[in-house]
Amino acid sequence: VDKIAGIFVPIVIGIAILTFIVWMVIGGDNAFTHALMNSVTVLVIACPCALGLATPTAIMVGVGKGAENNILIKDAESLELAHKVNAVILDKTGTITEGKPVVTDIVWATNDGYTNEKQILYTLESQSEHPLADAVVNTLKAESTSSLSLDEFESITARGVKGSIDAKTYFVGNRKLVEENKVAISSHLSDLASKLQSEAKTVVYFSDNQNVLAVIAIADKVKATSKAAIESLIRKGIDVYMLTGDNEQTAKAVANQVGLKHYKAEVLPSDKAKFVKELQLKGKVVAMVGDGINDSHALAEADVSIAMGKGSDIAMDVAKMTLITSDLQSIPRALNLSSKTVMGIKQNLFWAFIYNVIGIPLAAGVLYPVNGFLLDPMIAGAAMALSSVSVVGNSLRLRAAKI
């Protein structure tokens, strides 16, 4: 609208000046009166009030409509852009899944005297800030496990944690952490881990610096509405991707549950942002949906960023939209809302221009040679006001629209 107004306003002023000159030349005895009245009438009827109202009124109603449907829109630009989205990236934990991981299995390498090892595991996980660690802590706490004195502790990004107790080193984390530290794992535990992962469970390994002492299976239930929401996006012709730091088997199992063909496992937070850029370089308009700190970089890079309302504060701060209910079905609704809002803006611009296309020639006096008609400036003022009313009324129709 700013671009249009930058062209429209000078043209109208030019038409008003031209109207004044033409009437001064051909106006006869009342040349000056007609010239002044008609040029003023052109300026009055072309006053770009409706043009200025076209976008903000539609946007305001759209933002309100979004709030009614549990979609909080912080940036109006994202509401205008969302209808162009043709690629959606979803985080797994807390976005597709409920984000409430629960320990389903803890299998020890030996059944003999692992009480001390359980205390070590509890001590290490108590220091971690990862949601999976909370699940382990809650399970062990329910078993009245006590903590030990910790000598050293280190959190390893995208791997797990490392700690030292009584001068002995222990690890809790994913398979890569075990492999990178050359820790041995028995064939029994390795096979069991593969089986658990195929059941869409995340496997955490607990080891000392030589052998894996236990595998812990953690399940995060897929939200009841995730599959339907993803299917709705795919039907719209949108490419949907799942990115997760989880292992390949678990990622594949979750992807199969929700009907996703495109997914990436063992993805670092920085890799998510790189993937967003890769899609953008292919000409995609990308929406990123996430809930955690590790999603914030990708959210900032995306064309449209959407945070889950039950996620971290930083994700909601970075994102341009927030889904209060954390229900993925709000994503198709947000895209539909954008389409209807942009349609309303275009309709408003049409009404703003149609008045001017019809009104400006009448105001300039083109009918005077035919039937002697001249448009009164007061009538022009009423017509200008009516165009603004029609724009506001058209915007308010969005309140009754179904998204």
Exercise for the section: Starting from segment 127-146, keep only residues that are of a type outside the set (A, V, I, L, M), then list their pairs with residues that are surrounded by 17 or more Cβ atoms within 10 Å (Cβ to Cβ) whose Cβ atoms are within a distance under 6 Å, requiring at least 6 positions of separation or different chains. Expected result: 128/161; 131/101; 139/103; 145/118; 145/122
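Among the residues of segment 207-238, what is the count of those that are closer than 23 Å to residue 122 by Cα, without any contact (Cβ under 8 Å) to a residue 60 or more places away in the chain and out of contact with any helix residue (DSSP H, G or I) (no Cβ under 7 Å at 6 or more places or on another chain)?
Of the residues in segment 207-238, the ones closer than 23 Å to residue 122 by Cα are 207-220.
Cutting the leftovers down to without any contact (Cβ under 8 Å) to a residue 60 or more places away in the chain gives us 207-210.
Narrowing the set further to residues that are out of contact with any helix residue (DSSP H, G or I) (no Cβ under 7 Å at 6 or more places or on another chain) leaves 208-210.
Within segment 207-238, residues that are closer than 23 Å to residue 122 by Cα, without any contact (Cβ under 8 Å) to a residue 60 or more places away in the chain and out of contact with any helix residue (DSSP H, G or I) (no Cβ under 7 Å at 6 or more places or on another chain) number 3.
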Handout entry: Among (1) hydrophobic (A, V, I, L, M, F, W, C); (2) surrounded by fewer than 20 Cβ atoms within 10 Å (Cβ to Cβ); (3) in contact (Cβ under 8 Å) with a residue 40 or more places away in the chain, the one test that residue 360 misses
Key = (2)
Practice task
For segment 243-274, enumerate the residues that are acidic (Asp, Glu) and farther than 12 Å from residue 89 by Cβ.
Solution key: 246, 248, 266
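Can you name every residue in segment 206-231 that is buried (at least 18 other Cβ atoms within 10 Å of the Cβ) and either on the phi > 0 side of the Ramachandran plot or of a type in the set (S, T, N, Q) (or both)?
Our first condition is that a residue be buried (at least 18 other Cβ atoms within 10 Å of the Cβ); within segment 206-231, this holds for 206-207, 212-220, 223, 226, 229-230.
Those that are buried (at least 18 other Cβ atoms within 10 Å of the Cβ) and either on the phi > 0 side of the Ramachandran plot or of a type in the set (S, T, N, Q) (or both): 207, 226.
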Exercise for the section: Report, ordered by the first and then the second residue, all pairs with beta carbons closer than 9 Å, sequence separation of six or more or different chains, a first member in segment 21-33 that is closer than 17 Å to residue 363 by Cα, and a second member that is at pLDDT 85 or above and in a loop (DSSP other than H, G, I, E, B). Expected result: 22/365; 23/365
Completion exercise
Going through segment 363-384 in order, the residues found to be free of Cβ contacts under 8 Å to residues at least 24 places away in the same chain and open to solvent by less than 50 Å² (accessible area, probe 1.4 Å) are 372
Practice task
Just name the residue that is nearest to residue 56 (Cα to Cα) out of those in segment 281-340 that are at pLDDT below 90, crowded, with 18+ Cβ neighbours inside 10 Å and hydrophobic (A, V, I, L, M, F, W, C).
Solution key: 319
Fill in the blank from the handout: Taking segment 34-47 and keeping only residues that are more than 19 Å from residue 358 (Cβ to Cβ) and either at pLDDT below 90 or within 51 Å of the chain's Cα centre (by Cα) (or both), one is left with 34
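Return a yes/no flag: does segment 28-42 have any residue that is among the aromatic types (Phe, Trp, Tyr) and open to solvent by less than 60 Å² (accessible area, probe 1.4 Å).
From segment 28-42, those among the aromatic types (Phe, Trp, Tyr) are 32; that's our starting set.
This time we only want the ones that are open to solvent by less than 60 Å² (accessible area, probe 1.4 Å), so: none.
Scanning segment 28-42, I find no residue that is among the aromatic types (Phe, Trp, Tyr) and open to solvent by less than 60 Å² (accessible area, probe 1.4 Å), so the answer is no.
Going by the conditions given, is residue 399 under 31 Å from the mean Cα position of the chain (by Cα), closer than 23 Å to residue 90 by Cβ and in a helix (DSSP H, G or I)? Spell out the reasoning first.
Numbers: under 31 Å from the mean Cα position of the chain (by Cα): yes; closer than 23 Å to residue 90 by Cβ: no; in a helix (DSSP H, G or I): yes.
Judged against the criteria, residue 399 is not a match.
In this structure, is residue 7 open to solvent by 20 Å² or more (accessible area, probe 1.4 Å), under 40 Å from the mean Cα position of the chain (by Cα) and farther than 22 Å from residue 234 by Cα?
Working: open to solvent by 20 Å² or more (accessible area, probe 1.4 Å): yes; under 40 Å from the mean Cα position of the chain (by Cα): yes; farther than 22 Å from residue 234 by Cα: yes.
It is true that residue 7 is open to solvent by 20 Å² or more (accessible area, probe 1.4 Å), under 40 Å from the mean Cα position of the chain (by Cα) and farther than 22 Å from residue 234 by Cα.
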Handout entry: Out of 12, 25, sole residue that is part of a helix (DSSP H, G or I), under 24 Å from residue 372 (Cα atoms), open to solvent by 30 Å² or more (accessible area, probe 1.4 Å) and among the aliphatic types (A, V, I, L, M)
Key = 25
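Only one residue in 307, 251, 298, 287 is touching a residue at least 40 places away in the same chain (Cβ under 8 Å), hydrophobic (A, V, I, L, M, F, W, C) and not in a helix (DSSP H, G or I), so which one is that?
Details: 307 fails: touching a residue at least 40 places away in the same chain (Cβ under 8 Å); 251 fails: not in a helix (DSSP H, G or I); 298 fails: not in a helix (DSSP H, G or I).
Only one candidate qualifies: 287.
Scan the helices (runs of 4 or more DSSP H) fully inside segment 123-205 and keep the ones with 2 or more residues being open to solvent by 90 Å² or more (accessible area, probe 1.4 Å), more than 20 Å from residue 293 (Cβ to Cβ) and not basic (Lys, Arg). Full working, then the answer.
Details: elements: 131-142, 175-180, 187-198.
So the answer is 175-180, 187-198.
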Exercise for the section: Looking only at segment 343-357, decide whether some residue is modelled with pLDDT under 85, open to solvent by less than 50 Å² (accessible area, probe 1.4 Å) and within 37 Å of the chain's Cα centre (by Cα). Expected result: yes
Exercise for the section: Give the residue, chosen from 87, 76, 50, 82, that is open to solvent by less than 30 Å² (accessible area, probe 1.4 Å) and within 28 Å of residue 355 (Cβ to Cβ). Expected result: 50
Problem - Hey, residue 19 polar (S, T, N, Q), modelled with pLDDT of 90 or more, under 49 Å from the mean Cα position of the chain (by Cα) and in a helix (DSSP H, G or I) or not - result: no
Exercise for the section: Quickly run through segment 206-227 and pick out the residues that are outside any strand (DSSP E or B) and within 27 Å of residue 327 (Cβ to Cβ). Expected result: 220, 221, 223, 224, 225, 226, 227
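The values are calculated or read from the model by the stated rules, or taken from the named source; none is laboratory data. Model, not experiment: these values are computed from the prediction. In this analysis, Cβ positions are derived from the backbone assuming ideal geometry, glycine residues included, and neighbour counts consider all displayed protein chains. With ligands, DNA and RNA removed, areas are computed over all heavy atoms of the protein, side chains included. Shrake-Rupley method; radii C 1.70, N 1.55, O 1.52, S 1.80 Å.
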